[in-house]
1. Going by average Cβ neighbours within 10 Å, how do the peptides B:398-406, B:515-523, B:717-725 rank, with the highest at the top?
2. Please average, across the residues of A:55-68, the number of beta carbons from any other chain that are within 10 Å of each residue's own beta carbon, and give a whole number.
3. Take the Cα of residue B:612, step 7 Å along the line toward its Cβ, and report every residue of the range B:571-591 whose backbone nitrogen sits under 18 Å from that point.
4. Sorted by packing (mean other beta-carbon atoms within 10 Å per residue), highest first, where do B:605-611, B:185-191, B:636-642, B:217-223 land?
5. Given +1 on the Cβ of Lys and Arg, -1 on the Cβ of Asp and Glu, and no further charges, what dipole in debye does the range B:329-477 carry about its Cα centre, rounded to the nearest 20?
6. Compute the distance in nm between two label points, each set 7 Å from the Cα along the Cα-to-Cβ direction, one at residue B:591 and one at residue A:111.
7. If I take every Cα pair under 8 Å that is 6 or more residues apart in the range B:406-519, average their sequence separation and divide by the length, what percent do I get for the relative contact order?
8. Residue by residue through A:27-39, how many Cβ atoms from other chains fall within 10 Å of the Cβ on average?
Amino acid sequence: MAVCIAVIAKENYPLYIRSVPTQGELKFHYTVHTSLDVVEEKISGVGKALADQRELYLGLLYPTEDYKVYGYMTNSKVKFVIVVDSSNTSLRDNEIRSMFRKLHNSFTDVMCNPFYNPGDPIQSKAFDSIVSTMMVQAF
Amino acid sequence: MSVPDYMQCAEDHQTVVVVVQPMGIVPEEQFFRIYKRIASVSQVSIRDSQRVLFIRFRHHYPPENNEWGDFQTHRKVVGLISVTSCNTAKEWPQTSDRFHGQKEVFGSTLYDSRLLVFGLQGEVAEQQRTDVAFYPSYDDCPDVEKRVEDFVESIFIVLESKRLDRATDKSGDKIQMLCVPFEKKDFVGLDTDSRHYKKRCQGRMRKHVGDLCLQAGMLQDALVHYHMAVELLRSVNDFLWLGAALEGLCSASVIFHYPGGTAGKSGARKPSVSSAADAGKRHRPGAQEVLIDPGALTSSGISADTSAEIGRAKNCLSQEDIIEKYKEAISYYGKYKSAGVIELEACIKAVRVLAIQKRAMEASEFLQNAVYINLGQLSEEEKIQRYSVLSELYELIGFQRKSAFFKRVAAMQCVAPTIPEPGWKACYKLLLETLPGYSLSLDPKDFSKGTHRGWAAVQLRLLHELVYASRRMGNPGLSVRHLSFLLQTMLDFLSDQEKKEVTQSLENYTSKCPGGMEVISLPDGLKLPPVPFTKLPILNAFHSLCIYTVCCFSLMCVCVCVADFQWVQGDVCEVQLMVYNPMPFELRVENMGLLTSGVDFESLPAALSLPAESGLYPVTLVGVPRTAGNITINGYHTSVFGVSSDCLLEGLVGVKSSGCMVEVVPSLPRLQLCTSLPRSAHLSSEDLSTSVSLQLFNGETQQLTITLENIGTETLNTLELTSKTLSTKEKLFGEFLTWDLQDALSHLPLKSGQSVSIPVNISAKLDFSGQESLLNDLNDDGISVTGLPVSSPLRQVLKPRTENKPVGSDASKNEFNHVKTLEAVLTFKYSGGAGQVEGYYRELSLGVRVDVEPSVFFTRVSTLPATSTRQCHLLLDVFNSTEHELTLSAKNNQDLVLHASECQRYTHTHTHSHRLLLHWRDVTPSVQLIEVCRLSDGIT
């Protein structure tokens, strides 16, 4: 399961970021922030060839010593980043994909809320609980 | 080998290292001047050949790196130039000895050396020696470059001879086993006659020859040798050297593909003869060239003919292959812990190549690998260098955020707790360089428009670090500036607790060094623009900002919108701002005043204290224009937490105007108004300087004395008075307000400090007769009126009303208490002084409000026939509705005294002609007949 889940606006600022409370939150801010470099690089490379059928899932952005960072970008250029523990080898690519899909669905619900202003931080409880199901349970 | 050269790039493989060192005491400045001149000779074209020799000059080179010279010859120090000062001939022998001593350090690898002696003149200096050059002084050495060129040529000759020597070694001879320092002990007791060992020696030697060829400018030969070395070494699993051979292949290919170099701007090379020639051949992709079969050559030793007809382009790796081979080489290096530096450098070289190929993703993988290469115990300085280089490389491939991240790590390393003398300056400088990576600029203007950009959490952290670093650097001014910036731009992202902490530390800093509006220039040229606190407090949208002029302190205040009013020279003017405090605590704003341009303006600053998270709060800023003309209000200045800010309206969010222009007219006199009656609340609809209100009984007249005092400095020359009764439904009889201005005008011109009084009579004569009860009573009695024409129009109108009588009589009880209100405005227009010449005047207005109470009512009117048929008696039932006793007098009749709430019949004899008239105008004229006197006043 994830140790950090982040939603990043088109303009590259965080709409939502949540990490397991046991570890420093700022560390994940840095991890996710630097992963944007890779996201940008990936979409700039893909964008030319397959602008239309671009896959939303960006795959492993980069592995660090402790974590693996996965990325996903919606068509409106909102990015999702999931950080998982490197030691967690049981997670397969497919599961990461399905996590992103769930996240995307829930994010769509947030966007459908007429009281939500696109670009504002996400404060939806429904979204929060979906994220909770995907996070490593703190014990 | 423990010291990596982070600046290395692939084309460095074709260079030779020359160390330039000072010997004895050489002033640093002088040494580096000479060093620069020497280093300018970085490439030398060799006479009689098309080849170029590239030189890397180093003023510092760790001897342990030199020990890896056999592994990769570009690590070998082949030349030494010593720079020394020598003032007397006596010192010369000693100097010469020291030079020999210095040569020993790199002894085994040196091809040649030179000594540059400065300051020595005379006999000794005249000796002609190739290895020593004498110069009278550091300023007088015109042929240093020439000397160095000669020296390089001599190195080339040695290099070329070595190359030829090695390349033509016969397979029959025993080939020397080249090895790296850590391998030496492994070879002890190894069977040197085995085929395996021989192959290893051959492979390594091939690789070495390849290196030499590359250095000597024979790129194609180098490629061939490398290819052969790869085959040989691969067959014997000599991984370290296989890696080196592969890397050599890559380097040679990179040099071929990218004659401009991969080091970026700093290391850009001059286009050389050989690479230009290469480039010419590069454009023949279809050339029929034969690929040499490296395998065919291996068995026959190192005697292969590597002449020019051997394939060029085909031996050279394609751009794709270069990266593949780099990866392979790095994976081989990775097998050896002691080759960490080699691996790291290879990674860096590969990244530089990838950066040129614009393959950022792969480059980032190489860098990621480089991050994890363990070089054992690194000194703090090396760590800083390592992180900085990683940062630079990330920047090179366009990963701004990663680059910023590593730069920040490097900055933190500068001040690591283990360092005895933390380098706060270096830390600060590095932190500043991370700003673009976090999309942060230090100009608050970039943040004033639109939404916040970038990642607030990391930006906040960086700003905190900047504040801390600048404080530790001993530059409180900078800390204040950064902290102000943090507070101004990150306010929305701070928690209440953080807001408190930040402001507290800001106040601490400003107590030592108040913040101002000047631009702070850093030594490296960066300019920190001032940070005005436009959010402390926040000015509400400017369109709601209303500007008042106060011509007469608080007494006369004319509120007009922006452009339709004037200010008067020499008078106090006001601007009202609506502000609110976003902080969770009380905000003390000091020295708040207006920023203006155009006219000399004396701002009178105000200090205010805004409660925590106040709502809109009006603030009045005052000042005095000293000259006439147009004044533009550009903004306001404040001092909050010890930081003074100039907030311009044009920079404010939500404020559309960029200031407003007000005309300042020449000075005018100023009047203060006092009345004999107490002041009251303002009338509802009008903007008035002041108001009075009084109560009058119907028919009563009272005098109001208005005193006008000239409190200005100018002399009053003209005065006009007009009145305006505010629209009322009441029918008013006679003049409501009357006055006589003659007396006052005779006092003009009125000098400063003088005053005039104007009596104004207020008389209230209203019709209270419209009461239905009264008319109904009349109606009932109508029968008794004789000779009344039935066709009277009023009667017809009145008749239907009688049907509603019960309702009407109910209401009638209250109607005696009805108070009617009259309102009027007295307007004084006056002028004088310089302003009068230009046609300006001032207005002063006084609101008058009168509550009129009814005095007497005629409750019943009836007639009785009199003795004469031409006459009748008019009977009026008079009711005193006041609480006072009053006397009623009529013409040629006796007075009638009415007590409070008393009703009496009053008889009057009229002629018939009168009677009719009286009847239909009934009570209204009667009011005029009656002098109402309040008995309490003692007047009858």
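1. Details: B:398-406: 24.0, B:515-523: 14.1, B:717-725: 15.8.
Highest-to-lowest ranking by the protection proxy: B:398-406, B:717-725, B:515-523.
2. Going residue by residue through A:55-68 and averaging, the value is 1.
3. B:580-589, by backbone N distance to the label point.
4. Numbers: B:605-611: 15.1, B:185-191: 8.7, B:636-642: 23.3, B:217-223: 25.3.
Listed from highest to lowest mean packing, they are B:217-223, B:636-642, B:605-611, B:185-191.
5. Numbers: 20 positive and 14 negative charges, 69 e Å.
Here the size comes out at about 340 debye.
6. 5.1
7. Working: 101 pairs, mean separation 23.6, N = 114.
Dividing the mean separation by the residue count of the range B:406-519 yields 21 percent.
8. Working: counts 0, 1, 6, 9, 1, 4, 11, 11, 2, 5, 13, 6, 0.
Averaged over the peptide's residues, the number is 5.
Every number here is computed from the coordinates shown, using simple stated rules; none is lab data. Model, not experiment: these values are computed from the prediction. Glycine gets a Cβ as well: all are built from the backbone with ideal geometry, and neighbour counts include every protein chain shown.
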